[in-house]
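For reference, the structure discussed in these notes is given below.
Only the coordinates and a few stated rules stand behind these numbers; no lab work does. Computed from a predicted structure; not experimentally measured. Cβ atoms come from the backbone with ideal geometry, glycine included; neighbour counts cover every protein chain shown.
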Amino acid sequence: MARLRNLEWVLFTYEGATWRVILTTPTLAPSFCEEIRTGAAVALCHYEATTIYIDAGFPEDELAETLHHEFHHVKGRDHGNDAHRFFADSSPVVVSIYKAIGINLLPPLPSGWERLQRSSRRWHAKKVVCLSQLQGRARAEAIRDIFARHVAHDAAMGEVRAQGLAEGSERVRKLFAQWGLGSPSSNLGTARQNAVAPAKSEGDSSPDRSFVDLQAERVERIERAGRKVVEGLAFFPDIHAGYHDNDAISCGINVANLALRDMPVERRHLVQLGDILDNDAISSHPRRKVAMLTFDEEIEHGRAIRRRLDTEIEVAKKSICLGNHDDWIERYKVQRAPAFASLIHVANVLELDSNGWDWCHYRHHFKVGRTAVSHEFGRSGANAAQAGLNGPNGKVFGHTHRMAVHYAGMTAGVFRVSATLGCLFRYEHADYGPDAQFDEQWCQGIGIGFLDDRGLLWLNGVPILEGTAIYNGAMVTC
């Protein structure tokens, strides 16, 4: 039998962009579809990839209404209902009304979709059994996550009861109060990720135990749950090809290979945080120094560095968030040759698609678990990383050429990281500020991160000094 894989269901064009609708399962969904992978959502609309992912494990009426609902998201991020409700109750009514007026909401399903449906249903069935075994705080957290993905209190309570987590609202309120999670109503409509359910723990029902006992029990429960690292990541920050530091890049590659060597290749992810190009030759900024390289030379340097990352680090996934320097090509086209604006893109110039790179536009982002990754989030100063802790999820970015990693949160529900990870080029070329400031404030380096099965990113910055770094007690050179 052929290996189970995602299936393309619908292909359509909207405002010049080609969109795909993909049928998937929680185990097949890409890593950035965390809501589907954890069962927190039936579908996800990914704007950078112009793709809608839908969990195939539901009846045809629910798939039809889910698809109809996701079409509303295509126009923009704020259009439609972000709660991604399960349509078990409303779908038969909605679909039957449309059928009555001669409209079929369900396009023909692709051949083999039934296998995806069976696989997804098995996953959801196992999850329900696992949830029903939870005790103590883990049970309360699972209830909180159910409330987070429902709009109506009654719908949330229906799922709580169906999964055997509580028999009524009074029991739910008691669990929330006991574990300091707030009232259920405060979580309605909140976009929280669904935590991976720990295994059942024996004797975990007593509400009155000391803090020390509860902490020890929590550690034991985590160990029994077998929580694990699901992805290892190497983050390469601003490179500015043509003015890059070969020794720093070589050292970063060696650190990445050392850090990820015990991780299976299929769980390794390489992320380049943008400004892989400098594009000084087409810069519109006033400069103190004459451009050292032609545009063609800068592009060739960029391709050569991309080839190094392709061949010298073995990973299953490669992603890049294009930066402001990369975007100078787009600005140059619009200003100088608008007729060619749709014909050439920096992604084509760097040959990203043909070499297996996922990419997103400048000032767009993608998710690693709960953490947003982009070239920048609007700040570039010394406090940019600290400011990135604002909000419920973390941020990882480049742009500042500084290195700083900040953590916050005492529980899995609020734990987050914000980091800016330095650069990999020679500051002597920069001509938009005092050399002394760059020498003292900027830092070469890379980031090494590990994503756990709750969607939490554990990240370290690894500074590189004169082609040398220290990682896990080992001296790493170029």
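At-a-glance table
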{"read-out": "For the stretch 373-391 versus the stretch 95-119, the gap between their alpha-carbon centres in whole angstrom", "value": "44 Å"}
{"read-out": "Backbone HN-Hα couplings from phi across the stretch 240-246 [Karplus 6.51/-1.76/1.60, Hz, Gly and Pro as x]", "value": "6, 3, x, 10, 6, 10, 4"}
{"read-out": "In order through the stretch 314-321: 3J(HN,Hα) via Karplus (6.51 cos²θ - 1.76 cosθ + 1.60), integer Hz, x for Gly, Pro", "value": "8, 9, 8, 9, 10, 9, 9, 9"}
{"read-out": "The stretch 389-402 - phi-based ³J(HN,Hα) in whole Hz, Karplus 6.51/-1.76/1.60, Gly and Pro as x", "value": "6, 5, x, x, 10, x, 9, 10, 7, x, 6, 7, 6, 9"}
{"read-out": "Nearby lysines by direct alpha-carbon distance to Lys318 (threshold 20 angstrom, same-chain neighbours under 8 apart not counted)", "value": "Lys367, Lys395"}
{"read-out": "Relative pair counts by distance (%), Cα atoms of the stretch 229-477, 10 Å bins", "value": "8, 33, 38, 18, 4, 0"}
{"read-out": "Residue order, fewest to most beta carbons within 10 Å, for Val396, Val334, Val315", "value": "Val334, Val315, Val396"}
{"read-out": "Rounded to 5, percent antiparallel among DSSP beta bridges of the stretch 229-477", "value": "55 percent"}
